[in-house]
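Only one structure is covered here, and it is reproduced in the block below.
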C-alpha cells in the first residue's frame, strides 16, 4: 500500500505538486492522468525520491520512505519509464538481473528469476537472454523494461508513461499483459499517463491532476458520473461518457436472470461490446455465457441502456 | 582511381629514377633507372613483373585480385630495390650510398594505396585488421632481420647508429605514452567535471583549445623558462631531471596538448548517454558512483578511446620535435640528419615515427570499433 500525505514540491516560488494526498490499496492499480506539466510525473518521482519532496510524507506498507537510505528504497520499488531506459551495453539477461545483482542475490537464484521472467513475458530465454536491447523490437524492449522492474519482486511498481512509445496495437497487448501480471503477482502499481483510455482500461482507481493539484481520485465510473471539477469532465469527455460507463461494466456483472437462445456474449465482455453486438444484429436480447459455455443469464437492450443513463 | 594509379606506376617504372647512387654519404647523387640498375635480364624481368602487377592492380575487377596484384607488386618492388643496392655496391665498399629514388617511392605509394583500397572493400572486422597488421609487420621485420635491405643507405645509417636507435626508440615511446597516461589521468576527471558543470565547460575547453594553438616549438621554449627557474630554485628537482631542457618540458608540453582531445571527448561521450538510461539506472537504485562507472563511462568509452587515439598519434609525431630541446626520441636522427644534410639519417628517424603512428592508429581504431559494437543506443 502506498500512502501519500500532503506531498508538495516547490521549485523556488513555483509549486509543481500541491499538497497531494491519496492512497493506493495493496494489490491494486492506480492511474494518474493529466496534461503535461500537471505534476503527475513529479508526484511519481517523489515516491522513489528521484525528486525530493519539499514537504509531506510517503509511506509504503506503513514504512516512511524518508527514513530509508535512498538506494535501498529504490531497489525495493520497481520503476519503468517511457522509452524503457534499458542499458544498451548489457544483454537482456544482464538488464533484468540489475537489481538482484545490486541486492547481492546468489547467482543461481538470479539466473532462475531471469528465466522465469523471460518465460512470463513470452521471450524464449535460450533465444533472448543473450541479445542486446537494440536487437529487439519496441514491444520486446518494453517487456524487458517491465521484467527488469519486477526482477527483485518489488511490492510496489511505479510506471511513468510506460507505453507511450508503442504503436496502438502493441500498446493494447502490453496493457493486457500488465493486467495479467498484476493479477498474477498482486503488485501494487501506480502508473502515470496522459491517455484517458489507458487510464480507464488499467486503473482500479484513477486520479486526475491539473496545475499540481489532485482534483479527484476515484473509481473510473465515479469520475464519469460524479466529476468533482469541470476539468475532470473536460478531460474524461462528456460526449461519449455513457458509452465509457458501459465499457467499464462486465456483462457477467449485469446479467439478469433468464436464458434465451440466439446471440451469446462472454461474461468478461463489456456492456459496450454487448450493446454493439445487439445493434449489429438488430436484436434486443442476448445470453451471457462463461468461458466454459455455461449460461449465467441474459442481457436486454433496455437493461444495457439503463446502465448507461445519467444518475 | 585504380586506373590512374596504374598509369602512374607504369610511368614510374619507365621514366623515373629507381635508385640514387652516391659515391659517399654527402656526395651528390646520380639517378639510375630500374633496368640499368639491375642489368639486362633481371632488370627487364622486374620491370615486366611490376608493370604486370600494376596493370592487374589497376584494371582487375575483383577486389581480391587487385589486392593480390598489389601485394605481388610490393614484394617484387622490395626484392628489386634490395637487389639494385646489391648490384650497384662495389664488393667490400662501405662508403657508397644507394637509396630508393622517386620512382621507387611512387611505386611503393601506388601499390600501398591500391592494397589498402582493396582491403577496405572487404570490410574486415577489427580483430582481423589487427591480425593483418601483425602479419605484415612480421613479414617486414623478417625482411629487415634477414638482411635483405642491408646495402640500402638507410640501413647503413642504422648499422652506424644501432645502439642509439633502440635507445631513442624507447625514449620516443616513453615520451608519447607517458604524456598520454598523464593526460588521461588528469583529463578524464576534468572531462567528467565539464559534463557535470556545463557553465564551466566552455571556459575549460576554450583554455585547452588556446593551448593547442601555440606552435609546439614555441611551447617548448615557453616552458623552458619556468622549468629552468624551478630547477635553479630547487636543486633536488633538477637532480630528478626536471630542467629547462630535456624530457621535462617535452613531457609537459605533450601533456598540455593531449588534454583537449581527452577532456573534450570525455565530455562529449558522457553527453551522448541517453538521459532515460541514467534515469532508469538511478531509479533502480544504482548509487552515483555506480551510475558513473557502470553506465556513463562504459557507454562513453568508444568516444573517449577515440580521443586517446587522436592524442597518441598526435604525440608520436610531436615527440619528434622534442628532440630539439634535448628530449630525445627518433627526432634526434631527423635533426642530426638535417644538420649534416644527410637525408638517409633523416629517414632513419622519420620512417619509424610514421610506422609507430600508423600501428597505433590501426590498433586503437580496432579498439574503438570493438567497444562500440554493442553500444548502439537503443
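No lab work stands behind these numbers, since they all come straight from the coordinates. Just so it is clear, the structure is predicted and the values come from calculations on it, not from any experiment. Reconstructed Cβ throughout: ideal geometry from the backbone, glycine too, with neighbour counts over all protein chains shown.
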message = Rounded to whole Å, give me the distance from the Cα center of the range B:322-367 to that of the range A:141-195.
response = 61
key: Peptide A:68-76 - average C-beta neighbours from other chains (10 Å radius)   = 3
inquiry  = Once you order the gyration tensor axes a ≥ b ≥ c over the Cα atoms, which shape class does the range B:87-190 get: rounded for a/c under 1.5, otherwise prolate or oblate by comparing a/b with b/c?
reply    = oblate
query = For the range A:189-311, what number results from the quotient of the Cα radius of gyration and 2.2 N^0.38 Å?
reply = 1.19
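Rounded to the nearest 5, what is the percent of antiparallel bridges among the DSSP beta bridges in chain A?
Working: 26 of 49 bridges.
Just about 55 percent of them are antiparallel.
Considering every residue in B:267-279, what mean count of other chain Cβ atoms within 10 Å of its Cβ is obtained? List each step's numbers first, then the result.
Details: counts 0, 0, 0, 0, 0, 0, 1, 5, 3, 7, 9, 1, 8.
Mean partner-chain Cβ count within 10 Å for B:267-279: 3.
Counting pairs of alpha carbon atoms under 8 Å apart in space and at least six apart in sequence, what relative contact order in percent does chain A give?
19
With Kirkwood's inverse mean 1/r over C-alpha pairs for Rh, give me the Rg to Rh ratio of chain A, two decimals please.
Numbers: Rg = 21.6 Å, Rh = 21.2 Å.
When Rh is taken as the Kirkwood radius, the ratio is 1.02.
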ask   = Roughly how many whole Å is it from the C-alpha centroid of the range A:259-311 to that of the range A:33-49?
value = 39
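Once a ≥ b ≥ c are taken as the square roots of the eigenvalues of the Cα gyration tensor of the range B:146-207, is the result rounded (a/c under 1.5), prolate (a/b larger than b/c) or oblate (a/b not larger than b/c)?
Numbers: a/c = 5.15, a/b = 4.10, b/c = 1.26.
Prolate shape, in that a/c is at least 1.5 and a/b is the bigger ratio.
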message = From zero outward in steps of 5 Å, how is the percent of C-alpha pairs of the range B:238-378 spread across the bins?
response = 2, 9, 14, 14, 14, 12, 10, 8, 6, 5, 3, 1, 1, 0
Spacing of the two label points (7 Å from each Cα toward its C-beta) at residue B:240 and residue B:120, in nm = 4.7
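Fewest Cβ neighbours within 10 Å first, please rank A:143, A:244, B:94 accordingly. All intermediate terms of the calculation are to be shown ahead of the outcome.
Working: A:143 27, A:244 21, B:94 10.
Fewest to most other Cβ atoms nearby, the residues stand as B:94, A:244, A:143.
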inquiry  = I want to check the label-to-label distance for residue B:24 and residue A:135. Put each point 7 Å from Cα in the C-beta direction and report it in nm to one decimal.
reply    = 7.0
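Restricting to the protein assembly as shown, compute how many DSSP beta bridges are antiparallel as a %, nearest 5. Intermediate results must be reported in sequence, preceding the final value.
Details: 33 of 57 bridges.
Here the antiparallel bridges make up roughly 60 percent for the protein assembly as shown.
Rg to Rh ratio, the protein assembly as shown, alpha-carbon atoms and Kirkwood radius? Write down the numbers at each step before the final one.
Working: Rg = 37.8 Å, Rh = 32.0 Å.
Dividing the radius of gyration by the Kirkwood radius yields 1.18.
Assuming a viscosity of 1.002 mPa s and a temperature of 20 °C, what translational diffusion coefficient in µm² per second does Stokes-Einstein assign to the range A:126-217, Rh being the Kirkwood radius over Cα pairs?
Details: Rh = 14.5 Å.
Answer, rounded: 148 µm²/s.
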ask   = What order do you get for A:40, A:201, A:9, A:131 when you list them from fewest to most C-beta neighbours inside 10 Å?
value = A:131, A:201, A:9, A:40
note = Expected unfolding gain across residue B:213-residue B:143 under the 0.36 nm per residue rule, minus the alpha-carbon gap, is 21.1 nm
request  = Quote the relative contact order of chain B in percent (integer), defining contacts as alpha-carbon pairs under 8 Å separated by 6+ residues.
outcome  = 16
note = Rounded to the nearest 10 degrees, the helix B:216-233 long axis (Cα) sits at an angle to the longest Cα principal axis of chain B of 60
task = Please give, to one decimal in nm, the separation of the simple spin-label points placed at residue B:160 and residue B:354, each 7 Å out from Cα toward the Cβ.
result = 2.1
message = Cut-off 14 Å, label point 7 angstrom out along Cα-to-Cβ of residue B:167: give me the residues of the range B:307-348 whose amide nitrogen falls inside.
response = B:327-330, B:332-333
query = In degrees from 0 to 90, rounded to the nearest 10, what is the angle of the helix B:102-121 Cα long axis to the longest principal axis of chain B?
reply = 50
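So, R0 is 51 Å and r is the distance between the beta-carbons of residue A:253 and residue B:289; what FRET efficiency does that work out to, to 0.05?
That pair, residue A:253 with residue B:289, gives E of 0.45.
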key: Degrees between helix A:107-120 axis and first principal axis of chain A (Cα, 0 to 90, nearest 10)   = 30
remark   = Across A:79-92, the residue-averaged tally of Cβ atoms belonging to other chains within 10 Å stands at 6
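By count of other Cβ within 10 Å, fewest leading, how are B:19, A:16, B:225, B:319 ordered?
Working: B:19 27, A:16 19, B:225 11, B:319 30.
Neighbour counts put them in this order, fewest first: B:225, A:16, B:19, B:319.
With the contact rule set at Cα under 8 Å and sequence spacing of 6 or more, what percent relative contact order holds for the range A:144-194? Don't skip to the end; give the middle numbers.
Numbers: 34 pairs, mean separation 27.0, N = 51.
Relative contact order, the range A:144-194: 53 percent.
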